[in-house]
Each structure stands twice: as C-alpha cells, then as structure tokens.
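The values are calculated or read from the model by the stated rules, or taken from the named source; none is laboratory data. Note that the structure is predicted; figures quoted are calculated from it, not measured. Glycine also receives a Cβ, built like all others from the backbone with ideal geometry; neighbour counts cover every protein chain displayed.
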Amino acid sequence: MRSIGVAFGILAVFLAPMAVPAPGWAQAPGAPGAPLPPPVAGSPVEPDGGGAGLALVLLTLGFIVVIGAAGKLVDLRRRREEDAVYIESQISDVLLRDPKLFRLPIKSTVRLPTWKGSPAAITVSGQVPTPELRQVILRTVEEEASRIRSDFRIEDRIVVASRGTRAA
C-alpha cells in the first residue's frame with residue numbers, strides 16, 4: 001500500500017504544473033491584429049502545444065510503471081530471502097536436536113533463486129570426525145529439506161578429519 005501512495009505522490013508532483021496556467025508573453029509576429037501564418041503541413045507538433053502535455057503524461061505513466069516493477073522485484077527478493085532463512089533455521093534445528101550431531105560445527109546455508117523453477121541450493125559445511133557422521137548429516141539435511149521443499153540440491157562441503165587433525 002505504501003508504494004501506491006508514493007506513486008500517486010510522484011504523479012501529483014509531475015501533473016501539478018499542468019493544472020496551473022503559466023503567465024507568458026504573446027508570441028505573435030508583427031503588429032497586433034496581424035494574421036498568423038498557417039501551420040506547416042506535416043509538422044508533428046500541434047500549433048497550440050498539446051503534444052508537450054501528452055508527452056509529459058506518457059513520461060509520468062512510464063515512470064510509475066518502472067517504479068512499480070522495481071517495487072515488485074524488491075518485494076519478491078525479500079520474500080525469497082525470508083524463505084531461505086526459514087529453511088536454514090529448520091535444518092539447523094534438526095541438526096541441533098540430534099544428540100550425535102549437536103556438538104559438531106556444522107553450518108547450512110540456503111540460496112533461493114529470484115525466479116521460480118530453479119532448485120534451492122543448500123550448502124552444508126563443517127568438520128566431522130567420521131565418514132558415517134557425514135552421511136548421517138547429509139541424510140538428515142535431505143530429509144528435512146524434502147519435508148519443506150520438493151526442488152533442492154545439496155552441496156556437500158563437509159570435511160572428514162580425525163580428532164587429532166584440523167581442517168585447513
């Protein structure tokens with residue numbers, strides 16, 4: 001609703017000067033009462049200057065359409081970011097509820113494309129001591145992601161390192 005109010009405010013700013021007649025000098029050539037020359041055939045501008053008003057109205061409407069489209073894109077991006085945060089929090093909650101996994105430094109990051117039709121990219125990264133725990137984590141993330149969304153792909157960046165070594 002706020003963007004509609006802003007659009008009407010911008011429209012009012014552009015159309016207000018057209019409502020108030022501006023004082024001006026007469027532009028008639030020669031002496032007062034002399035006849036005006038006939039307009040040139042094929043001239044694109046009307047003799048009374050009506051084309052400028054039409055151009056201003058069209059320009060204003062085009063400006064409003066561009067502002068509205070930009071507002072829709074920003075809103076779409078914001079909603080996709082909210083969805084990504086929701087999916088991240090659900091995956092994080094599932095990993096923290098599992099007694100075998102809650103102490104492991106595992107992080108999941110979700111990227112949703114702006115346009116629908118592309119799958120969500122879920123990146124799982126961290127360090128685990130055994131390959132079995134790595135498989136448990138990936139299976140858990142896959143089960144939770146499939147519960148929330150049908151189209152996703154998991155990027156595995158989990159490093160298997162024994163307790164005595166550290167990942168680079």
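Listed by first and then second residue, the pairs linking a residue in segment 120-135 that is over 7 Å from ILE158 (Cα atoms) to a residue that is part of a loop (DSSP other than H, G, I, E, B) and among the hydroxyl-bearing types (Ser, Thr, Tyr), with Cβ atoms under 8 Å apart and 6 or more places separating them unless they lie on different chains, are PRO129/SER162. Listed by first and then second residue, the pairs linking a residue in segment 73-102 that is over 13 Å from GLU143 (Cα atoms) to a residue that is crowded, with 16+ Cβ neighbours inside 10 Å, with Cβ atoms under 6 Å apart and 6 or more places separating them unless they lie on different chains, are ARG80/LEU112; ASP83/LEU112; ALA84/VAL110; ALA84/LEU112; GLU88/SER108; GLU88/VAL110; LEU101/LEU95.
Return the residues of segment 78-112 that are assigned to a loop (DSSP other than H, G, I, E, B) and closer than 16 Å to ILE148 by Cβ; say none if nothing qualifies. Once the filter is applied, which keeps residues that are assigned to a loop (DSSP other than H, G, I, E, B) and closer than 16 Å to ILE148 by Cβ, segment 78-112 yields only LEU112. Looking across SER146, SER125, SER162, one residue alone is out of contact with any Leu (no Cβ under 7 Å at 6 or more places or on another chain), part of a loop (DSSP other than H, G, I, E, B) and of a type in the set (Ser, Thr, Tyr). It is SER162. Just for segment 113-157: of the residues that are surrounded by fewer than 14 Cβ atoms within 10 Å (Cβ to Cβ) and under 17 Å from SER89 (Cβ atoms), which one is farthest from the chain's Cα centre (by Cα)? Result: GLU143.
The combined condition, being out of contact with any Leu (no Cβ under 9 Å at 6 or more places or on another chain), surrounded by fewer than 15 Cβ atoms within 10 Å (Cβ to Cβ) and at pLDDT 90 or above, is not fulfilled by VAL110.
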